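K.L.:
Got a structure here, written out as structure tokens. Questions coming.
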Number of protein chains: 2
Amino acid sequence: MTTYQRIVLASRPRGAVLPENFRIESVALSEPGAGEVVVRNHYLSLDPYMRGRMSEAKSYASAQALDETMIGGTAGEVVASNNSRFAVGDMVVGMLGWAEMGVSDGALLRKVDAGRIPLSAYLGVLGMPGMTAWYGLNQIMRPKAGETVLVSAASGAVGSAVGQLAKLHGCRAIGIAGGPEKCVYVVDELGFDACIDYKAGTLAADLAAAAPDGIDALFENVGGAGFDAALPLMNPFGRIALCGLIAGYNGADLALRNVRFLLTSRLSLQGFIVTEHLDLWPQGLGELGALVADGKLKYRETVAQGLAAAPDAFIGLLNGRNFGKQLVKLT
Amino acid sequence: MTTYQRIVLASRPRGAVLPENFRIESVALSEPGAGEVVVRNHYLSLDPYMRGRMSEAKSYASAQALDETMIGGTAGEVVASNNSRFAVGDMVVGMLGWAEMGVSDGALLRKVDAGRIPLSAYLGVLGMPGMTAWYGLNQIMRPKAGETVLVSAASGAVGSAVGQLAKLHGCRAIGIAGGPEKCVYVVDELGFDACIDYKAGTLAADLAAAAPDGIDALFENVGGAGFDAALPLMNPFGRIALCGLIAGYNGADLALRNVRFLLTSRLSLQGFIVTEHLDLWPQGLGELGALVADGKLKYRETVAQGLAAAPDAFIGLLNGRNFGKQLVKLT
């Protein structure tokens with residue numbers, strides 16, 4: 001009998017996520033039934049949305065069940081198959097969760113070419129985070145050349161792609177990130193025009209200085225003080241893609257005080273979740289894949305080693321300790 | 001020499017608008033030049049947007065100049081004309097401001113048929129307020145039959161039209177208004193399904209009770225506590241037409257705390273000002289006019305008598321003392 005390790009939600013966090021909210025356990029691998037495949041996961045993706053699932057509060061998805069495998073995107077290799085669409089050795093991405101192995105009926109598995117591009121990229125720039133950036137920029141922000149685009153969490157998996165795509169559109173790209181090291185990376189490596197360190201304590205003034213012509217489009221990943229500081233700088237008819245509110249995931253105040261600029265600058269705002277727009281994924285992933293292959297879209301990864309490291313890596317992600325896409329390497 | 005009375009902005013309000021922010025004065029009527037007409041105003045329109053113009057703060061329009069005639073919509077009669085488009089006796093609406101008379105080049109004058117519908121209606125349901133309701137509902141909220149629509153300042157010139165139009169679309173219409181008398185009017189006369197008295201002090205609970213199926217579209221005129229209480233009740237993919245923030249016009253806190261629902265319910269929000277969409281006015285005014293003529297769209301007016309009453313009437317409007325469209329009758 002094959003066994004594998006998985007991590008389940010042991011308890012719901014009250015405020016900050018703690019290691020004891022998770023439990024690692026060994027479970028027996030069930031035999032794959034008709035049409036099913038067995039996948040050995042090489043990488044687990046850690047993403048901020050998981051924090052929302054850990055709570056019972058109303059969100060855009062149902063809550064993560066207690067004592068069940070934590071939800072999560074995975075990339076791995078087919079090791080047994082009763083499904084004609086998949087052969088042993090195929091590299092696949094899926095949603096098998098925080099687990100070393102999994103059985104799938106194949107419906108949510110996608111075969112990927114891990115020769116051309118590293119497997120881990122399909123969990124980041126060529127996966128959900130990349131598509132999130134692509135959708136928000138192209139479907140909501142729709143920036144024109146010469147416009148100014150602001151993105152928070154600019155060194156992260158989503159934000160880094162947003163700013164680089166904006167530059168490819170001919171925009172001025174401004175990022176917000178935590179700490180000088182991330183800001184240097186955002187400007188020098190990713191090619192943003194400016195990056196503001198929100199930890200410096202002068203966010204509003206720094207933002208105004210970095211956006212002398214105002215802000216035409218905002219990609220908001222964080223919420224709170226940065227979001228509020230951006231509103232007075234928005235130009236008339238500015239567009240806001242609201243993707244995340246990581247600042248409030250542990251219950252902190254997300255209040256917006258500069259509400260009147262939504263009216264006086266005739267802003268539009270759209271909250272979104274990219275998995276509700278799967279029809280656009282083939283187009284978006286095609287464009288993103290070409291850019292990565294051409295070296296026009298860079299990405300950075302923080303890789304934790306082994307499944308047992310996942311809870312701490314996830315807590316680090318929620319506190320901004322990661323640098324780029326947070327992964328867990330399982331093999 | 002003909003003289004007339006006008007009201008100018010004497011000083012900018014610091015917080016609440018006071019009578020001494022205005023000054024009434026007599027001025028000489030200038031002779032109309034080539035292409036110009038002279039209009040005797042019968043009605044002056046008072047509208048919340050004027051409060052924004054009285055401040056120097058950045059808004060969607062330039063500030064009202066000190067010592068100049070207060071901006072405002074007017075309805076009146078042509079009494080002299082050097083313009084072939086207008087004859088003496090024509091009834092016209094325009095933007096001649098807080099004044100008994102005015103000279104216009106005709107560019108912003110619109111001839112109206114005051115036989116079919118009372119002249120004053122062209123400043124309300126068949127003017128800017130009616131178009132504001134029509135635009136927000138049809139271009140931003142786009143409600144489908146069976147959906148629930150919420151509108152604040154529901155007994156006002158804009159809100160009363162929003163709710164009635166929503167009912168004509170087959171929606172459940174909920175209003176928020178100040179005091180039992182207004183709420184009874186909103187339900188019994190205008191035909192809303194429910195109206196919440198924000199002065200009762202149980203706004204959030206009353207709103208939840210009135211919207212058992214949630215809120216699909218919100219027309220926001222007020223901001224502040226009512227807006228914040230509506231956000232958690234919004235259904236996925238809800239639409240918010242942000243038209244006004246009258247609660248904050250005197251500097252009061254407009255903070256929104258329930259920001260996360262913008263994301264988790266994937267809401268869209270659009271701030272707008274209807275005078276930026278003049279291309280749609282012929283269509284909208286045509287539809288509104290037919291509804292008023294058929295008795296399907298009701299309106300109510302509060303009429304102050306004489307130009308000198310305008311400042312007090314305007315202060316009353318900002319404090320919700322009016323009931324329906326606030327006008328000043330000048331003749």
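The values are calculated or read from the model by the stated rules, or taken from the named source; none is laboratory data. Predicted model, so just to flag it, every value in this text is computed and none were measured. For neighbour counting, all protein chains shown are included, and Cβ atoms are generated from backbone atoms with ideal geometry for every residue, glycine included.
K.L.:
Is it the case that the range B:49-61 has a residue that's touching a helix residue (DSSP H, G or I) at 6+ places or on another chain (Cβ under 6 Å), away from chain A (no Cβ under 12 Å), closer than 28 Å to residue A:236 by Cα and hydrophobic (A, V, I, L, M, F, W, C)?
P.N.:
Within the range B:49-61, not a single residue is touching a helix residue (DSSP H, G or I) at 6+ places or on another chain (Cβ under 6 Å), away from chain A (no Cβ under 12 Å), closer than 28 Å to residue A:236 by Cα and hydrophobic (A, V, I, L, M, F, W, C).
K.L.:
A follow-up question, please. Pairs please, first residue from the range B:306-317 and assigned by TED's automatic domain parsing to the domain that holds residue B:51 and more than 19 Å from residue B:14 (Cα to Cα), second anywhere and of a type in the set (A, V, I, L, M) and surrounded by fewer than 19 Cβ atoms within 10 Å (Cβ to Cβ), Cβ atoms under 9 Å, 6+ apart in sequence or on different chains.
P.N.:
B:307/B:24; B:308/B:24; B:310/B:24
K.L.:
Which strands (runs of 3 or more DSSP E) does the range B:1-113 wholly contain that include 3 or more residues that are touching an Asp or Glu at 6+ places or on another chain (Cβ under 6 Å) and in contact (Cβ under 8 Å) with a residue 40 or more places away in the chain? Give the steps one after another, and end with the answer.
P.N.:
Values: elements: B:3-9, B:22-28, B:37-45, B:74-81, B:91-94, B:101-104.
Filter on the range B:1-113 gives B:3-9.
K.L.:
Filter the range A:249-264 for residues that are more than 7 Å from chain B (Cβ to nearest Cβ) and either touching a His at 6+ places or on another chain (Cβ under 7 Å) or modelled with pLDDT of 95 or more (or both) and give the result. Steps first, please.
P.N.:
Taking the range A:249-264 first, the residues more than 7 Å from chain B (Cβ to nearest Cβ) are A:249-253, A:258, A:261.
Within the range A:249-264, A:258, A:261 qualify.
K.L.:
I would also like to ask the following. Out of all the residues in the range A:222-240, is one or more part of a strand (DSSP E or B), within 20 Å of residue A:173 (Cβ to Cβ) and away from chain B (no Cβ under 14 Å)?
P.N.:
Of all residues in the range A:222-240, those part of a strand (DSSP E or B) come to A:234-240.
Retained after the next criterion (residues that are within 20 Å of residue A:173 (Cβ to Cβ)): A:234-235, A:237-240.
Subsequent filtering for residues that are away from chain B (no Cβ under 14 Å) retains none.
Checking the range A:222-240: not a single residue is part of a strand (DSSP E or B), within 20 Å of residue A:173 (Cβ to Cβ) and away from chain B (no Cβ under 14 Å).
K.L.:
Further question: If you scan the range A:208-221, which residues turn out to be more than 9 Å from chain B (Cβ to nearest Cβ) and among the acidic types (Asp, Glu)? So that I can check it myself, show each step before the final result.
P.N.:
To start, the set of residues in the range A:208-221 that are more than 9 Å from chain B (Cβ to nearest Cβ) comprises A:208-219, A:221.
A:213, A:216, listed by residue number.
K.L.:
Considering only the range B:174-186, I want to know if a residue exists there that is basic (Lys, Arg) and either within 14 Å of chain A (Cβ to nearest Cβ) or more than 18 Å from the chain's Cα centre (by Cα) (or both). Walk me through how you get there before you give the answer.
P.N.:
Step one: filter the range B:174-186 for residues basic (Lys, Arg), giving B:182.
Restricting the remaining residues to those that are either within 14 Å of chain A (Cβ to nearest Cβ) or more than 18 Å from the chain's Cα centre (by Cα) (or both) gives none.
No: the range B:174-186 contains no residue that is basic (Lys, Arg) and either within 14 Å of chain A (Cβ to nearest Cβ) or more than 18 Å from the chain's Cα centre (by Cα) (or both).
K.L.:
Residues of the range B:266-275 being within 7 Å of another protein chain (Cβ to nearest Cβ) and not basic (Lys, Arg), which ones?
P.N.:
Of the range B:266-275, the ones within 7 Å of another protein chain (Cβ to nearest Cβ) are B:266-273.
Hits for the range B:266-275 are B:267, B:268, B:269, B:270, B:271, B:272, B:273.
K.L.:
Run down A:39, A:93 and say which single residue is in contact with a Lys or Arg (Cβ under 8 Å, 6 or more places away or on another chain) and not hydroxyl-bearing (Ser, Thr, Tyr). Please lay out each step first, then the result.
P.N.:
Details: A:39 fails: in contact with a Lys or Arg (Cβ under 8 Å, 6 or more places away or on another chain).
Testing whether each residue is in contact with a Lys or Arg (Cβ under 8 Å, 6 or more places away or on another chain) and not hydroxyl-bearing (Ser, Thr, Tyr) leaves just A:93.
K.L.:
Then there is this: Tell me whether the range B:286-295 contains one or more residues that are at pLDDT 95 or above, part of a strand (DSSP E or B) and within 17 Å of the chain's Cα centre (by Cα).
P.N.:
Scanning the range B:286-295 turns up no residue that is at pLDDT 95 or above, part of a strand (DSSP E or B) and within 17 Å of the chain's Cα centre (by Cα).
K.L.:
Within the range B:1-18, restricting attention to residues that are basic (Lys, Arg) and either surrounded by 14 or more Cβ atoms within 10 Å (Cβ to Cβ) or within 18 Å of residue B:79 (Cα to Cα) (or both), which residue is modelled with the highest pLDDT? First the steps, then the outcome.
P.N.:
The first filter runs over the range B:1-18 and keeps only residues basic (Lys, Arg), leaving B:6, B:12, B:14.
Remaining after also requiring either surrounded by 14 or more Cβ atoms within 10 Å (Cβ to Cβ) or within 18 Å of residue B:79 (Cα to Cα) (or both): B:6, B:12.
Values: B:6: 98, B:12: 95.
The extreme case among them is B:6.
K.L.:
So, in the range A:29-54, how many residues would count as being of a type in the set (Gly, Ala, Ser) and crowded, with 17+ Cβ neighbours inside 10 Å? Even if it seems obvious, please write down each step before you answer.
P.N.:
In the first step, residues of the range A:29-54 are kept if they are of a type in the set (Gly, Ala, Ser); the result is A:30, A:33-35, A:45, A:52.
Filter again for crowded, with 17+ Cβ neighbours inside 10 Å, leaving A:45, A:52.
Going through the range A:29-54 one residue at a time, the tally reaches 2.
K.L.:
So, in the range B:257-285, how many residues would count as being not polar (S, T, N, Q) and not in a loop (DSSP other than H, G, I, E, B)?
P.N.:
Of the range B:257-285, the ones not polar (S, T, N, Q) are B:257, B:259-263, B:266-267, B:269, B:271-274, B:276-282, B:284-285.
Filter once more, keeping what is not in a loop (DSSP other than H, G, I, E, B): B:260-263, B:269, B:271, B:274, B:276, B:278-282, B:284-285.
Residues in the range B:257-285 being not polar (S, T, N, Q) and not in a loop (DSSP other than H, G, I, E, B): 15 in total.
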